[in-house]
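The values are calculated or read from the model by the stated rules, or taken from the named source; none is laboratory data. Since we're looking at a predicted model, the values are computed, not measured. Backbone-built Cβ (ideal geometry, glycine too); neighbour counts: all protein chains shown.
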Amino acid sequence: MISVNFENLKIVYLSDMEQNFVAKNAHPIKDNFITRWQAPSNIALIKYWGKTTPQLPKNASLSFTLTHAVTQTQVEFKPLENPTEKVTFSIIFEGEEKSSFRPKLEDFFANILPYQPFLAHYKLTITSQNTFPHSSGIASSASSMSALAACLVDLESQLSSLSEEEKINKISFLARLGSGSACRSTQGPMMAWGTHDSLSNSTDLFAVTAANIHPVFTDFCDAILLIDKGQKQVSSTLGHKLMHQHPYAEQRFAQANDHLAELLPILQQGDLDAFISIVEKEALHLHAMMMTSDPYFILMQPNTLSVINKIWTFRKETGIPVCFTLDAGANVHVLYPNNVAEAVNQFIEAELLQFCQNRQCVHDKVGTGIKKY
Ligand code: PMV
């Protein structure tokens, strides 16, 4: 999508592929419509860091879809007497009207209006809550944008006929326009986003499920250690922007694509040692990009490093295949197969919780994606 402003007029050009996502014959209805969807967060194993407009990734990425860290969103669509040029909405988050969420949502609706022009005929009342602790440092943009996109596509499917495949791809497509990584929260157990030679159906426009995953990965556990629950020092929007002039950007994008090519057969074979090596490298390379951007920043805290060292020692001493990954923050995601959960949970309790704020940890596992609730 390219948009040009011409004498107060916004002209939008869509590629042929993007044209496929414009709602067809979707005439607004006169009745109220209410729908509720929940969507999980996801944790990237191959990281997305760097993009072009509109939310197109500079490299392919791949993530585990989670189960318990979810956003639940209800949208009530009330037909308007006089449709407007943009989407009219109110947002209530965890019982409170949230004006601070408006700018991000206004951008999101402006981005998706060319694909769902019927939205301008409704007033949307969005009511949303997260199941994970408030201000925990767990990114909620992925779960919240995919839950909202699911509600929007549910309305569209009332107005025009969409196949199941069209619905799920459109939810991912719209969620992407709100927050890139959100497009990977729609299905499980793993989703890949971004055009990649090793994934025949991959595209930059929406995420697809990664096929033929070995059973060891389909019930993998993710214990999210809440190291620092404070406000993020650097937004992911700024982080992505800093990749534009980054001295190592091109190498990083090539490396992420190489890592994905290496990881796909490993996921099919269930090779845990090879999995651990790529996943930990990806986490550290993501943070290396942040440390070497201009301005530079460090999102890891001393306790992040203490946890990483403890995990390495434990793995060496016991041979148990536990590893870590990191998001754009200080929290540590401890990843391990379900069949070693008892031993790893004891280790977390005895050795890692001391490094968490108020000993807090969210025990999550690989899941299946969005659903109605
Ligand atoms: O979706 P965004 O724009 O918040 O970016 C997310 C980036 C990472 O979480 C750091 C990596 C990823 O692929 O999810």
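Among the residues that make up region 222-233, is at least one of them at pLDDT 95 or above, out of contact with any Leu (no Cβ under 8 Å at 6 or more places or on another chain) and within 20 Å of Q269 (Cβ to Cβ)? Within region 222-233, not a single residue is at pLDDT 95 or above, out of contact with any Leu (no Cβ under 8 Å at 6 or more places or on another chain) and within 20 Å of Q269 (Cβ to Cβ). Could you tell me whether region 292-313 includes any residue that is closer than 22 Å to F220 by Cβ, of a type outside the set (S, T, Y) and free of Cβ contacts under 8 Å to residues at least 12 places away in the same chain? Taking every residue of region 292-313 in turn, at least one turns out to be closer than 22 Å to F220 by Cβ, of a type outside the set (S, T, Y) and free of Cβ contacts under 8 Å to residues at least 12 places away in the same chain.
Looking at region 273-369, the strands (runs of 3 or more DSSP E) lying wholly inside it that each contain 3 or more residues that are of a type outside the set (A, V, I, L, M) sit at 323-326, 361-365.
Would you check if L177 is within 13 Å of the ligand (Cβ to nearest atom), over 19 Å from T292 (Cβ atoms) and in contact with a His (Cβ under 7 Å, 6 or more places away or on another chain)? No: the conditions fail for L177.
Mind checking which residues of region 35-64 are in contact with a Pro (Cβ under 7 Å, 6 or more places away or on another chain) and either more than 12 Å from the ligand (Cβ to nearest atom) or aliphatic (A, V, I, L, M) (or both)? Break it down into steps so the answer makes sense when it comes.
The first filter runs over region 35-64 and keeps only residues in contact with a Pro (Cβ under 7 Å, 6 or more places away or on another chain), leaving 48, 51, 64.
Within region 35-64, none qualify.
Only one of K51, K30 is among the charged types (D, E, K, R), in contact (Cβ under 8 Å) with a residue 24 or more places away in the chain, in the same structural domain as Y115 (by TED's automatic domain parsing) and surrounded by 14 or more Cβ atoms within 10 Å (Cβ to Cβ); which? Please lay out each step first, then the result.
Numbers: K30 fails: surrounded by 14 or more Cβ atoms within 10 Å (Cβ to Cβ).
Just a single option satisfies the conditions, and that option is K51.
Is there a residue in region 58-72 that is out of contact with any Asp or Glu (no Cβ under 6 Å at 6 or more places or on another chain) and surrounded by fewer than 19 Cβ atoms within 10 Å (Cβ to Cβ)? Yes, there is a match, as at least one residue in region 58-72 is out of contact with any Asp or Glu (no Cβ under 6 Å at 6 or more places or on another chain) and surrounded by fewer than 19 Cβ atoms within 10 Å (Cβ to Cβ). Checking region 79-101 against the condition returns no match, with no residue being under 20 Å from the mean Cα position of the chain (by Cα) and under 25 Å from L14 (Cα atoms). If you go through region 172-190, how many residues are of a type in the set (A, V, I, L, M, F, W, C) and over 13 Å from F108 (Cα atoms)? Count: 2.
Is it the case, given these coordinates, that Q233 is in contact (Cβ under 8 Å) with a residue 40 or more places away in the chain and in contact with a His (Cβ under 8 Å, 6 or more places away or on another chain)?
On the way: in contact (Cβ under 8 Å) with a residue 40 or more places away in the chain: yes; in contact with a His (Cβ under 8 Å, 6 or more places away or on another chain): no.
No, not satisfied.
Are any of the residues in region 339-347 closer than 19 Å to A192 by Cβ, touching a residue at least 40 places away in the same chain (Cβ under 8 Å) and not polar (S, T, N, Q)? It would help to see each step written out before you state the result.
At the first step, the residues of region 339-347 found to be closer than 19 Å to A192 by Cβ are none.
Checked region 339-347: no residue is closer than 19 Å to A192 by Cβ, touching a residue at least 40 places away in the same chain (Cβ under 8 Å) and not polar (S, T, N, Q).
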